[in-house]
Amino acid sequence: MDILILYNETCPSFEPALERITEVINDLKISSKIESKLIYNDSEAKKYKFIGSPTIFINGVQFEEVSTDIYRYDNCRTFMKDDGGLSPLPSKKKLIQILTDQGRNNV
Amino acid sequence: MSNLKLNDPYVNFLLPSTDGNEVSLDMAELGEYKLVIFSCNHCPYAQAWEDRIIKIQEKYKSNGLSIIMISSNDALKYPEDSFPKMKERHEEKGFNFHYLFDETQEVAKMYGAERTPEVFLFNEIGLLKYQGTIDDNYENESEVKIKYVEEALESLISGKDPEITQTDAVGCTIKWI
């Protein structure tokens, strides 16, 4: 499984998000390759469809996809919490669900 | 790092509020403890703490706390943070405090604010007694271990200086023009 995490230097979400994704992968014992890429400016943000840090792609599919044409390199990504609230980090429960589904598809 | 240092007096300002008025820290109707919070609409960290800020205002209103929340973000690049959108957020969330627009960003620069949210707590004579973050868990209120702002407020209310006077503000950067 290929996981790509796009991030910026202005938002503190990258490291805790990476930690959470790594924890879920380890718990699920999924074989995966995690890559990360630092986004430096708005043109790069547009090129890589970076909607905020972290923007996460799992096997090329954006986690919690947002349809937008606004790409700002210094933005922090907003995710939905399981209770309907908002968070700077991806939901662990959703990560487990998506990574499990993707893991099955990879078999 | 803040431009204001511990025990510095607050820097006054006059900014438009989402309730249609203009607000200055010198206004007599404000309480004796003033909590200035640099925040904004769009940042997920700011959003994560919004409900807790409302609760803090409610909890300490009778003790003389006035929260003054300020958005200083570049509203051209971040139209979610424009003054009309701030007014919408105020209505949606039912803010029980002033929400001000620092369009020129001068107030954020005077205070040395860098993040949203970032708080500055002033005591009854207007001296800075705590600066930094609100508590130690932006993601889950039920897992908060240290309520920095509330602990600092409790100290001030009981006539003492807070034990913890500064923490790192955790959040988005202020979007400078």
Pick from B:ALA108, B:ALA28, B:ALA48: which residue has the top mean-square fluctuation in a GNM of chain B where Cα pairs under 10 Å get a spring? B:ALA28
Shielding of B:41-50 by partner chains, average beta-carbon count, 10 Å: 5
Label-point gap, in nm, between B:LEU14 and B:LEU127 - each point 7 angstrom along Cα→Cβ: 2.9
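Can you give the helix-only mean residue ellipticity at 222 nm for chain A, where every DSSP H stretch with n ≥ 4 adds -39500 (n - 2.57) and the sum goes over all residues, rounded to the nearest 500 deg cm²/dmol?
On the way: 3 runs with 36 residues, N = 107.
Dividing the helical sum by the residues of chain A leaves -10500 deg cm²/dmol.
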So who's got an amide H within less than 5 Å of the one on B:ILE70, skipping anything under 5 residues away but keeping other chains? H placed 1.01 Å off N, in plane. B:ILE37, B:PHE38, B:SER39, B:LEU100
Scalar couplings 3J(HN,Hα) for the range A:96-103 by Karplus 6.51 cos²θ - 1.76 cosθ + 1.60 (θ = phi - 60°), nearest whole Hz, x for Gly and Pro, are 4, 4, 6, 5, 5, 4, 5, x
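Run through the DSSP bridge list for the protein assembly as shown and note the antiparallel percent, rounded to the nearest 5.
Values: 24 of 43 bridges.
Percentage antiparallel, nearest 5: 55.
Between B:ASP168 and A:ARG104, what FRET efficiency follows from the Cβ-Cβ distance if R0 is 35 Å, with the result rounded to 0.05? Present the calculation step by step, with values, prior to reporting the outcome.
Details: r = 41 Å, r/R0 = 1.18.
Calculated value: 0.30.
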Which Cys residues of the protein assembly as shown have no other Cys beta carbon under 4.7 Å away? B:CYS40
Proxy exposure order for B:LYS61, A:LYS33, B:LYS5, B:LYS129 (fewest C-beta within 10 Å first) is A:LYS33, B:LYS5, B:LYS61, B:LYS129
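Compute the relative contact order of chain B as a whole-number percentage, counting only Cα pairs closer than 8 Å that sit 6 or more residues apart in sequence. Don't jump to the answer; show the numbers that get you there.
On the way: 356 pairs, mean separation 52.2, N = 177.
It comes to 29 percent, rounded to a whole number.
Given a cut-off of 30 Å, what percent of all Cα-Cα pairs of the protein assembly as shown lie beyond it?
Working: 13564 of 40186 pairs.
In whole percent, the share of Cα-Cα pairs in the protein assembly as shown beyond 30 Å is 34.
In percent, how large is the relative contact order of the range B:89-135, given Cα pairs closer than 8 Å and 6 or more residues apart?
Numbers: 26 pairs, mean separation 10.4, N = 47.
About 22 percent, as a whole number.
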Roughly what would the spin-label model give for B:LEU6 and A:MET80, points 7 Å off Cα along C-beta, in nm? 4.5
For B:73-82, mean number of other protein chain Cβ atoms within 10 Å: 1
q = 0.15, 0.21, 0.23 Å⁻¹: log10 I(q)/I(0) that the Debye formula gives for the range A:2-106, counting C-alpha atoms only: -0.58, -1.11, -1.30
Rounded to whole Å, give me the distance from the Cα center of the range A:16-74 to that of the range B:136-150. 27
Can you give the helix-only mean residue ellipticity at 222 nm for chain B, where every DSSP H stretch with n ≥ 4 adds -39500 (n - 2.57) and the sum goes over all residues, rounded to the nearest 500 deg cm²/dmol? -7500 deg cm²/dmol
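How big is Rg to Rh over the range B:39-173, alpha-carbon atoms, Rh as the Kirkwood inverse-mean-distance radius? Provide the component values of the computation, followed by the final result.
Numbers: Rg = 14.4 Å, Rh = 15.3 Å.
Rg divided by Rh gives 0.95.
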Reachable lysines, given that their alpha-carbon falls under 26 Å from the alpha-carbon of A:LYS37 and they are not under 8 places away in the same chain: A:LYS29, A:LYS46, A:LYS47, A:LYS49, A:LYS81, A:LYS92, A:LYS93, A:LYS94, B:LYS77, B:LYS175
Under a 10 Å cutoff between Cα atoms, tell me which one of B:ASN96, B:ASN123, B:ASN21 has the largest fluctuation in the Gaussian network model of chain B. B:ASN21
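Counting other Cβ atoms within 10 Å, keep those with at most 13, restrict to DSSP loop, and tell me which GluC sites (Glu not before Pro) in the range A:1-65 are left. Present the calculation step by step, with values, prior to reporting the outcome.
Numbers: sites: A:GLU9, A:GLU19, A:GLU23, A:GLU35, A:GLU44, A:GLU64, A:GLU65; in loops: A:GLU9, A:GLU64, A:GLU65.
Answer in residue order: A:GLU9, A:GLU65.
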Hey, in the GNM for chain A with a 10 angstrom Cα cutoff, which one of A:THR55, A:THR22, A:THR68 fluctuates hardest? A:THR68
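Pairs of Cα atoms under 8 Å, at least six residues apart: use those to get the relative contact order of chain A, whole percent. The partial results should precede the final answer.
Numbers: 178 pairs, mean separation 35.2, N = 107.
Reported relative contact order: 33 percent.
Values in this text are rule-based calculations from the coordinates and carry no lab data. For clarity, every value in this text was computed on a predicted model and none was experimentally measured. Counting neighbours? That spans all protein chains shown, and the Cβs are built from the backbone with ideal geometry, glycine included.
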